[in-house]
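Have a look at the structure below before the remarks.
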Amino acid sequence: MCGIIGMVGGERDNRNTAIHKAVSTLVRRGPDDKGVTDFSKATLGHTRLSIIDLTTGAQPMKDNRHDMAITFNGEIYNYKKLRVRLEQKGHSFSTTSDTEVILKSYSEYGDKCPEYLDGQFTFAIWDNEKERLFMARDRFGEKPLFYHYQGPALIFASEIKALLATGLVNNTLDRTSLDNYLALYFIPPWRSMYRDITPLLPAHRAVFQNGKLTIERYWKLTHETNSVSYDDAAARVRELLAESVKSRMVADVEVGVFLSGGIDSSIVTALAQRAADRPLKSFSAGFDEHINELPYARKIAAHVGTDHYERNVPVLLDDIRAVTRYYDEPLGDSSNVPTALISKFARGPVRGSASNGVKVVLSGDGGDELFFGYGHYRAHWHLPKVKKLLALVLGFSPDALYKRSHLNMFSPHERAHLWKDRGAVESDPTKYVDLSEAKTSLQKINLLDIYLKLPGDMLTKVDRSSMMHSLEVRSPFLNHELAQFAFNLPDDYKTDRGRGKLILQKACGDLLPENVFTRKKQGFGAPVRHWLKEDPVRALMNEMFKDPRSAAIFNADVMRSYINDFYSGNSALSYKIWMLFTLELWMREHDGAYSF
């Protein structure tokens, strides 16, 4: 994986100085190499984590024939097939990298080139002849891309810290984004924490030319009539997932797997080991006695035959601070710290063994979203008919109830009181999600998960926590053909009477012991209630919201009342308190990196 940055417009020397200065902030995303290429009206920068074509795949990469250059972050899993197709159309290649395949695809297909790519990616191509910048982001938002657009100039980068490091971007926080965080526990994928910085949305492409920026969506899940039988559907799920796993194992370095012992990571591990020619390295981590699935992971590893590594990792306040400091925005998902620690463990060197760690791992991310694995899907079936009818009479459809209960951590009324100035709050930050293709309430919930929670929370966590340790994570469930097929399966193929992932068990049940599918879902979270009550976190909590800057934004008395209620025994507030703790800690760790 890599880091990208670039700028179009502005005075050339100033632009080059800014990009050279900022590219160093992306070194964790790409510690193996870095480069900057400049033209009269554009400058591109890159930091590289070498995965494919270790010797000749340096970036930014130029196509001198067409007077273009690309800076690219990600992996294209179908690049070999695309290369053959492009060669048949007359294109020649000087490297074996997927980067060059994107560049040639753009030459052949123009702005439609992202539609031909299966992968996780963000990239920017500067067409020097046309003085035109083209940018694109993958379908689910596995890789990030932010930009600042003002007047005749545009700056883009993989991370916000790089944009701020140019010295050309204002660091003022955005009030609506702060309010969205309090509602959702994460920043929604169409906003950033900063007023003058915007993310390019997943499945979108952008063109910047003559000082004008145009953006359009190139992909979304669509409704299709599907009469496939249950058995045939299971067979197709197995086929698509196995193909996706195999394609994500292509690399010129060793590939490992994250193995939690849950359904999704266990299936990925089993399929990956079947496709491998030697035992894969699998990595598991336990965190204190409160969250430890190591025995389950150990059994799966033995069952499928991986070379297994595990560790109990105590989570310290220093770890929480370090993760918070690396993240450019607050994230209230407590699993971001465990994800960072297991990424560090997998990257190695692995102490107490002969393993040097790996640069790439496969993960089970996306399985819950595609196959109704979360508790709110199962809860739908347990909701009594009378309550369902009452909810509809009151105007609360099941998807609306989901929004109120799962995407409203602090209600609009609560948020209004958290602000010092009692300003207006955004009543429904989910309203921007396109639910037009959903035909059932469960599909609406599913699209909220895929378009909102997946990129805003899950994939942000995976990208930042892994890139913090220069580790590339690949998610086989996030294959767009598999997602499209799964979306159009009948709801009761995926969940029924409180059981989730039914079709996945039918498709892959032969790979694993049966108890993997019947064991209660735990998830890769963190014992926040325990953490908050332990020193030194509790000691730090006593100083929360006494900082002059946060006190100028929030009503400190209201904040303190939540904290006091929690420590007086109201454990139900633990996740709200963690959100407030994370926000305050983020503001302290980024002191000087923002204004308000």
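The values are calculated or read from the model by the stated rules, or taken from the named source; none is laboratory data. Note that this is a predicted model, so its numbers are computed, not measured. For neighbour counting, all protein chains shown are included, and Cβ atoms are generated from backbone atoms with ideal geometry for every residue, glycine included.
Out of curiosity, is Thr518 in contact with a Gly (Cβ under 9 Å, 6 or more places away or on another chain), of a type in the set (Val, Ile, Thr) and more than 14 Å from Asp365 (Cβ to Cβ)?
Details: in contact with a Gly (Cβ under 9 Å, 6 or more places away or on another chain): no; of a type in the set (Val, Ile, Thr): yes; more than 14 Å from Asp365 (Cβ to Cβ): yes.
When the stated conditions are applied, Thr518 does not pass them.
For the stretch 298-333, what are the residues that are surrounded by fewer than 17 Cβ atoms within 10 Å (Cβ to Cβ), acidic (Asp, Glu) and assigned to a strand (DSSP E or B)?
Correct list: Asp307 only.
Which ones in the stretch 245-262 are in a helix (DSSP H, G or I) and buried (at least 24 other Cβ atoms within 10 Å of the Cβ)?
Hit for the stretch 245-262 is Val245, nothing else.
Starting from residues that are without any contact (Cβ under 8 Å) to a residue 40 or more places away in the chain and within 16 Å of Asn479 (Cα to Cα), keep the ones in the stretch 198-242 and report whichever is surrounded by the most Cβ atoms within 10 Å (Cβ to Cβ).
Ala242
If you check Ala391 against the conditions, is it at pLDDT below 90 and among the small types (Gly, Ala, Ser)?
Yes; evaluated as a whole, the condition is true for this residue.
I'd like the full set of residues that are surrounded by 15 or more Cβ atoms within 10 Å (Cβ to Cβ), in a helix (DSSP H, G or I) and charged (D, E, K, R), limited to the stretch 1-34.
Arg15
Does Arg83 count as without any contact (Cβ under 8 Å) to a residue 24 or more places away in the chain, in contact with a Phe, Trp or Tyr (Cβ under 8 Å, 6 or more places away or on another chain) and on the phi < 0 side of the Ramachandran plot?
Numbers: without any contact (Cβ under 8 Å) to a residue 24 or more places away in the chain: yes; in contact with a Phe, Trp or Tyr (Cβ under 8 Å, 6 or more places away or on another chain): yes; on the phi < 0 side of the Ramachandran plot: yes.
Yes, satisfied.
Among the residues that make up the stretch 475-485, is at least one of them more than 17 Å from Ser363 (Cα to Cα) and free of Cβ contacts under 8 Å to residues at least 60 places away in the same chain?
no
Checking the structure you have, find out if any residue of the stretch 120-130 is surrounded by 24 or more Cβ atoms within 10 Å (Cβ to Cβ), under 17 Å from the mean Cα position of the chain (by Cα) and farther than 19 Å from Leu44 by Cβ.
Checking the stretch 120-130: at least one residue is surrounded by 24 or more Cβ atoms within 10 Å (Cβ to Cβ), under 17 Å from the mean Cα position of the chain (by Cα) and farther than 19 Å from Leu44 by Cβ.
List the number of the failed condition for Gly74; all other conditions in (1) without any contact (Cβ under 8 Å) to a residue 12 or more places away in the chain; (2) in contact with a Gly (Cβ under 8 Å, 6 or more places away or on another chain) hold.
With (1) without any contact (Cβ under 8 Å) to a residue 12 or more places away in the chain; (2) in contact with a Gly (Cβ under 8 Å, 6 or more places away or on another chain) applied to Gly74, the lone miss is (1).
Across the stretch 125-173, what is the total count of residues that are over 22 Å from Tyr327 (Cβ atoms) and in a strand (DSSP E or B)?
Residues that pass the stated criteria total 12.
Just name the residue that is modelled with the highest pLDDT out of those in the stretch 351-386 that are more than 25 Å from Leu452 (Cβ to Cβ) and in a helix (DSSP H, G or I).
Lys385
Checking the structure you have, find out if any residue of the stretch 128-137 is closer than 23 Å to Met193 by Cβ, modelled with pLDDT of 95 or more and either outside the structural domain of Leu482 (by TED's automatic domain parsing) or not basic (Lys, Arg) (or both).
Yes, there is a match, as at least one residue in the stretch 128-137 is closer than 23 Å to Met193 by Cβ, modelled with pLDDT of 95 or more and either outside the structural domain of Leu482 (by TED's automatic domain parsing) or not basic (Lys, Arg) (or both).
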